[in-house]
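Novice: So that we are looking at the same thing, I have put the structure below in structure tokens.
Read-outs: derived from the displayed coordinates by stated rules, not from any lab. Keep in mind it's a predicted model, so treat the numbers as computed, not measured. Reconstructed Cβ throughout: ideal geometry from the backbone, glycine too, with neighbour counts over all protein chains shown.
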């Protein structure tokens, strides 16, 4: 899996470094255009006297680009998708830079210079990505041999074919390694492979050959693990309980020291967000009152960590007496949602009262979304390993939420638990930060219903 993950990381780092260079050069070019030669040198010297501002600007762009998936080419396979995300970044980046300049007065970076820098940098970043899309059509250098067959292999091949720059190409697919006509897992059938992906093995001799290959430096991955590394999802219908034990990644979850740090971050951030969002909550409450009367808050029983029940708080978005009806997922244009409620759902403002749940310890900022007990009972019967999600606190946002739109059917909920389990497998500060950063992008491109 490291071979697959490292390819994605190298690509993201390459884009980040290129973007940083473009941003710095654009700032220099903007200063050259904006100021006369006699003042240009003084302006650049003053900027260099504040290296913290340069680092802040680069960090702000990194956060904005991550938010809008500019480092994930699979999210912008076409020019239209790329232009939309670049436009969103062009609107948010100046705001982030302006906030820094406002909070730290010595960072003098004028509005005209700021606008000119962004106007030059964003198109150049887009041009680099368009060139990359053209270059990405070339075949990858890493050759993979797939051993075995089944739905997981079909899904893996489909995912590879659908990516603009897959981390490897499928050199050979040995569907039946035990068949008489098949080349099997002989040395000749694997000699050109840089990576071997195994879906099924039934004989010790085959396992021995692949183990020896692994010791000689050729990575040997199970198909489910390769699919997870490629997509950020654990394919629950193609793994069994033994797979979760064999990975070894879940064994330390309960004793992870990050739980303590996460609780501290949750409380601090939730309290700050609750204070900052108080005016929005006040206006939203008034709008609900005027549009559909009382009650303003909606309370509902949900399941938390270790399947413990708690009361979840939301702003009411459905018409009176509709929210208490039997469990039913909201649909696009749901008639139960009143006008103001539809707008609140669009920007997830109705979820803000859950910051109280975070402070109380019922929830975290990041984790699987909590479900109603009656719905959870059904999913536990129909969806494999659904109950594993109770091993962490539910979240206000999560890995599934930043990768999926609102879920309304079984297939979408299966995909949701696959993302949730992947996030639990990689539970830690990196996943926590990644989800928080990408949540803003999800608000823009994956609105609530």
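Novice: How many angstrom lie between the Cα centre of the range 373-431 and the Cα centre of the range 93-119?
Specialist: Between the Cα centres of the range 373-431 and the range 93-119 lies a distance of 39 Å.
Novice: Highest GNM mean-square fluctuation, the chain, Cα pairs closer than 10 Å: which of 164, 51, 373?
Specialist: 51
Novice: A further question on this structure: Only Cα pairs under 8 Å and at least 6 apart count here; give the relative contact order of the chain as a rounded whole percent. The partial results should precede the final answer.
Specialist: Details: 568 pairs, mean separation 62.1, N = 449.
About 14 percent, as a whole number.
Novice: D for the chain, whole µm²/s, Stokes-Einstein with Kirkwood Rh over alpha-carbon pairs at 37 °C and 0.692 mPa s: what number? Don't jump to the answer; show the numbers that get you there.
Specialist: Values: Rh = 24.8 Å.
After rounding, the answer is 132 µm²/s.
Novice: Take the Cβ-Cβ distance between residue 276 and residue 342 as r, set R0 to 25 Å, and report the resulting FRET efficiency rounded to the nearest 0.05.
Specialist: Numbers: r = 24 Å, r/R0 = 0.96.
Efficiency for this residue pair is about 0.55.
Novice: State, to one decimal in nm, how far the label point of residue 256 lies from the label point of residue 207, with both points 7 Å from Cα in the Cβ direction.
Specialist: Inter-label distance under the simple model: 2.9 nm.
Novice: Tell me what the chain gives for mean residue ellipticity at 222 nm when only DSSP H runs of n ≥ 4 count, each as -39,500 (n - 2.57), the sum divided by the residue total, rounded to 500 deg cm²/dmol.
Specialist: After summing the helix terms and dividing by residue count, I get -18000 deg cm²/dmol.
Novice: Take every DSSP beta bridge with both residues inside the chain and express the antiparallel ones as a percent of the total, to the nearest 5.
Specialist: Details: 8 of 22 bridges.
Counting only bridges with both partners in the chain, antiparallel ones make up about 35 percent.
Novice: Now for a different question. For 168, 379, what ranking results if the residue with the fewest other Cβ atoms within 10 Å of its Cβ goes first? Each step should come with its number before you reach the end.
Specialist: Details: 168 22, 379 17.
Ascending number of Cβ neighbours within 10 Å: 379, 168.
Novice: Also: Just check the range 258-445 against the gyration tensor rule for me: Cα atoms, a ≥ b ≥ c as the square roots of the eigenvalues, rounded for a/c under 1.5, and otherwise prolate or oblate depending on whether a/b exceeds b/c. Could you put the intermediate results ahead of the total?
Specialist: Numbers: a/c = 1.65, a/b = 1.22, b/c = 1.36.
Because a/c hits 1.5 or more and a/b fails to exceed b/c, the range 258-445 counts as oblate.
Novice: Over the chain, with a Gaussian network built from C-alpha contacts below 10 Å, which listed residue (393, 342, 108) shows the highest mean-square fluctuation?
Specialist: 108
Novice: Given a Förster distance of 51 Å, report the FRET efficiency between residue 163 and residue 320 from their Cβ-Cβ distance, rounded to the nearest 0.05.
Specialist: Numbers: r = 48 Å, r/R0 = 0.93.
It comes to 0.60.
Novice: Taking 0.36 nm per residue of separation and subtracting the Cα-Cα distance, what length does fully extending residue 306 through residue 21 add?
Specialist: Values: separation 285, 0.36 × 285 = 102.60 nm, distance 4.72 nm.
Stretched fully, the residue 306-residue 21 segment lengthens by 97.9 nm.
Novice: Modelled label-to-label distance, residue 134 and residue 246, 7 Å Cα→beta-carbon offset: nm?
Specialist: Placing both labels 7 Å beyond Cα along the Cβ direction yields 4.5 nm.
Novice: Next question. With springs only between Cα atoms under 10 Å, which of 265, 156, 62 fluctuates most in a Gaussian network model of the chain?
Specialist: Top of the fluctuation ranking is 265.
Novice: For 298, 102, 419, which order do you get if you count the other beta carbons within 10 Å of each Cβ and list the fewest first? Don't skip to the answer; put the middle values down first.
Specialist: Numbers: 298 18, 102 9, 419 21.
Exposure proxy ranking, most exposed first: 102, 298, 419.
Novice: Next question, about the same structure. Sorted from fewest to most neighbouring beta carbons within 10 Å, what does the list 339, 132, 76 look like? Provide the component values of the computation, followed by the final result.
Specialist: Numbers: 339 10, 132 16, 76 21.
So the ranking, lowest neighbour count to highest, is 339, 132, 76.
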